[in-house]
Each structure stands twice: as structure tokens, then as C-alpha cells.
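Structure record follows, encoded as C-alpha cells.
The values are calculated or read from the model by the stated rules, or taken from the named source; none is laboratory data. In this text, all values refer to a predicted model and were calculated from it rather than measured experimentally. A quick note on method: Cβ atoms are made from the backbone with ideal geometry, for glycine too, and the neighbour counts reach across all protein chains shown. Note: areas computed on protein heavy atoms with side chains; ligands, DNA, RNA excluded. Shrake-Rupley method; radii C 1.70, N 1.55, O 1.52, S 1.80 Å.
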Amino acid sequence: MGGRSSGTRRLWLPRRLLLGVVVVLLVSVLVFLATQVLPGDPARAVLGHEATPERVAALRAELGLDRPLLDQYFAWLGGILGGDLGHSLVTQEPVGGLIGDRAVNSAVLVLISAAIVLPLSVFVGALTGRHHDRPVDRVMLVVTLGLTALPEFIIALLLVILLSTSVFPLLPGTVLLAPGQSPLSNVSQLVLPVIALVLGVLPYLARLVRGSVIDVYESEYVRTARLKGVPERIVLRRHVLRNALVPAIQGTALALAYLTGGTVVIEQVFNYPGLGSALVDAVNNRDFPVIQLICLIFAACYVIFNLLGDVLTVYVTPRLRTASE
């Protein structure tokens, strides 16, 4: 029994990796099927409404759209696994080159937002949890609940109205980037998109940390430390934050996944040239290979973030770390 249990523990990480691969494969099937039921014909979208049925049929045959769905799926998946990401149905450019710069732009936006929202959430959550039911806690609860009730695009539009129009014309409300230009070349253009993403994630993560901090403060070992006269700052640093870290890690993984998906709305509002805006354009043009690859990238990011969250949770929790060894 002991050997079997030890072997199961050692297989924990490979099993999680395998499960992640299975999830991505299932998402690839769903994404492929979803693109097939989109209204409109890609060949007709490329040629225009005045094209003859013969030209449309010829283009469909050239693009492989007349083949059985199963053949199309395995051809597409096999190409991705072999490094061939396909070609855009609209521009005929390689999909990898078409979205490469946009992927970098989205990564920059997500990483900057994460670098701000993660420590800020821990600070706000620890502050409100430490001062539970006091004025600062009540004020922050009202603020976070208000932000939670607002959709992302409303937050983005309010930021544009307040900070980019005649009210307070402080920051550009539209991102203007030339192809291949780094988004860091004009940092002021990133301020509003980053703030919009941060405000979308901050309420959830801060309240999660707050709840964990309150739970830890009410635990027996914290009460014992206080009775022993341990200074409050040491109690907070050594006991409260350390033990509240586990749910915060899980919340951070979900927050990163949310930030990645949230770029779709934010990029459209601010005209930011990232994966989100590329996805919207591809849906409008019925550009199946672009849609499929971007959705697959989002799904892979979600799986990777959750896997990293699980691994870090095991690492910082001695009981779980021992059980997995």
C-alpha cells in the first residue's frame, strides 16, 4: 500500500500535465466546431457578395472547406502540432506572422497589469482584513462591490470619459501603434488599458485575500501569538500573510487567466492591437484559422496559469508538498 501511495504521489505532476493537454485538445474540438456554425461563408467573405457560385465553389475547394469536417479538423490539428499554423483565409498570410506581434502586445499588457494588480490586491486585502469591520474595511468593501458590479467595457468607457475628454484630458484614449512597434515606445498609451484591466481584477483578488486574512486572524495560533506578546507586525508577516498565501495563489492563477481573456474587450475599446482585437476582426471576417489559433492560445494560457497555481500551492504548503513527494 505504501509503495502504491508513493508512486501515485510521484505521478501527480505528470498527471496534471496530461490533464492540461487533454483539456486543450477538448477546447480545440469545441473551437473548431464553433467556427463551423458561424453564419456566413468564408469564401464568400473573401470574394465578396458579387462573386459567382462557381468562383465561390472553386475557392472553397482550394481552401479545403469542402472536405469532411473530421478531415479538416485533423489536418488543422496536425499542422499545428507540426509547426504549421496555417494561413489566413482573408489575407493568405501565415497565421503565425499575422498574430505574432499582436501576441507580444497582449503579453505586455497582461504582464504589466499583473505586476500592478497582484501586490496591490495583497496590500488592499491585508489592510482590510486586518481592520475588519472598521471604517477602512467598510469603505473598501463598498468600492470593490461597486467595481464588481461594473462590466469591463463600462469601466473602460468611464476612464476614457474622465481622463481622455474635456473633463480631464490627461491621457490618450486610443492606442496608436505601427506594425512591429513596441507598446512600450509610448507608455502613456498603456495607462488607461492597464487601469481598466487592474480595476476589473482587483475587487475579486482583494476580497479573496481579505477573507483569507480574516480567517487566519481568527485561528488559534494567531491568538496564541498575540497572548505571548508577539508584535502585531510580526504576527502579520510571519503568520497571517504566510498562511493566507495559498488561496491568494489560486486566486492569482484565475486572475491571470481573467486578465488574458479580458484583453478582448479592453483592446477593442482602446483600439489596442493585440490578440483580443485580432480575434474580433477574425470573427467579423470569418477567418477560421486565426479564430481557432487565438482561442487555442487563450485556452493554453488558462491551463498553464492554473497548473502553475497548483504547483505553487503544493510548494508553499508543507502538508501538500510532503504528500506529493
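So which residues in the stretch 169-190 are among the hydrophobic types (A, V, I, L, M, F, W, C) and either surrounded by fewer than 18 Cβ atoms within 10 Å (Cβ to Cβ) or not in a helix (DSSP H, G or I) (or both), if there are any at all? Of everything in the stretch 169-190, those that are among the hydrophobic types (A, V, I, L, M, F, W, C) and either surrounded by fewer than 18 Cβ atoms within 10 Å (Cβ to Cβ) or not in a helix (DSSP H, G or I) (or both) turn out to be Leu170, Leu171, Val175, Leu176, Leu177, Ala178, Leu184, Val187. Screening Leu171, Leu162 for residues that are free of Cβ contacts under 8 Å to residues at least 24 places away in the same chain, touching a helix residue (DSSP H, G or I) at 6+ places or on another chain (Cβ under 6 Å) and over 30 Å from Arg233 (Cβ atoms) leaves exactly one candidate, Leu171.
Please verify whether Val194 is open to solvent by less than 40 Å² (accessible area, probe 1.4 Å), touching a residue at least 24 places away in the same chain (Cβ under 8 Å) and either in contact with a His (Cβ under 9 Å, 6 or more places away or on another chain) or assigned to a loop (DSSP other than H, G, I, E, B) (or both), treating the condition exactly as stated. Criteria not met by Val194. Would you point out the residue of the stretch 267-301, among those that are touching a residue at least 60 places away in the same chain (Cβ under 8 Å) and of a type in the set (Asp, Glu), that is nearest to Leu184 (Cα to Cα)? Residue satisfying both the conditions and the ranking: Glu267.
Restricting the stretch 125-136 to residues that are free of Cβ contacts under 8 Å to residues at least 12 places away in the same chain and part of a helix (DSSP H, G or I) leaves a set whose member that is surrounded by the fewest Cβ atoms within 10 Å (Cβ to Cβ) is Pro135. Please work out if Asp101 is open to solvent by 70 Å² or more (accessible area, probe 1.4 Å), of a type outside the set (Phe, Trp, Tyr), part of a helix (DSSP H, G or I) and touching a residue at least 24 places away in the same chain (Cβ under 8 Å). Yes: the conditions hold for Asp101. Is it the case that the stretch 151-163 has a residue that's open to solvent by less than 50 Å² (accessible area, probe 1.4 Å), of a type in the set (Val, Ile, Thr) and over 22 Å from Leu259 (Cα atoms)? No, the conditions are met nowhere in the stretch 151-163.
What about Val110, is it touching a Ser or Thr at 6+ places or on another chain (Cβ under 7 Å) and more than 17 Å from Val290 (Cα to Cα)? Full working, then the answer.
Details: touching a Ser or Thr at 6+ places or on another chain (Cβ under 7 Å): yes; more than 17 Å from Val290 (Cα to Cα): yes.
Answer is yes for this residue.
Among the aliphatic types (A, V, I, L, M) and surrounded by fewer than 16 Cβ atoms within 10 Å (Cβ to Cβ): does that describe Ala58? When the stated conditions are applied, Ala58 passes them. Filter the stretch 251-302 for residues that are at pLDDT 85 or above, under 28 Å from Arg210 (Cβ atoms) and aliphatic (A, V, I, L, M) and give the result. Correct list: Val265, Ile266. Within the stretch 239-279, being hydroxyl-bearing (Ser, Thr, Tyr) and more than 15 Å from Glu152 (Cβ to Cβ) holds for one residue alone: Thr252. Residues that are farther than 21 Å from Met140 by Cα and surrounded by 17 or more Cβ atoms within 10 Å (Cβ to Cβ) were ranked within the stretch 200-228; the one that is farthest from the chain's Cα centre (by Cα) is Ala225. Scanning the stretch 27-39 for residues that are closer than 18 Å to Leu89 by Cβ and open to solvent by 60 Å² or more (accessible area, probe 1.4 Å), we see that the one that is modelled with the highest pLDDT is Leu33. Cβ-Cβ distances below 6 Å connect the following pairs, each with a first residue in the stretch 33-44 that is at negative phi, a second residue that is open to solvent by 60 Å² or more (accessible area, probe 1.4 Å) and at pLDDT 75 or above, and a separation of six or more residues or different chains: Ala43/Arg60.
Quick check on Val240: is it over 30 Å from Ala107 (Cβ atoms), surrounded by 13 or more Cβ atoms within 10 Å (Cβ to Cβ) and touching a Phe, Trp or Tyr at 6+ places or on another chain (Cβ under 7 Å)?
Taking the combined requirement at face value, the residue satisfies it.
For Ala178, the criteria (1) in contact with a helix residue (DSSP H, G or I) (Cβ under 7 Å, 6 or more places away or on another chain); (2) over 13 Å from Ala206 (Cα atoms) hold in every case but one, which is (1).
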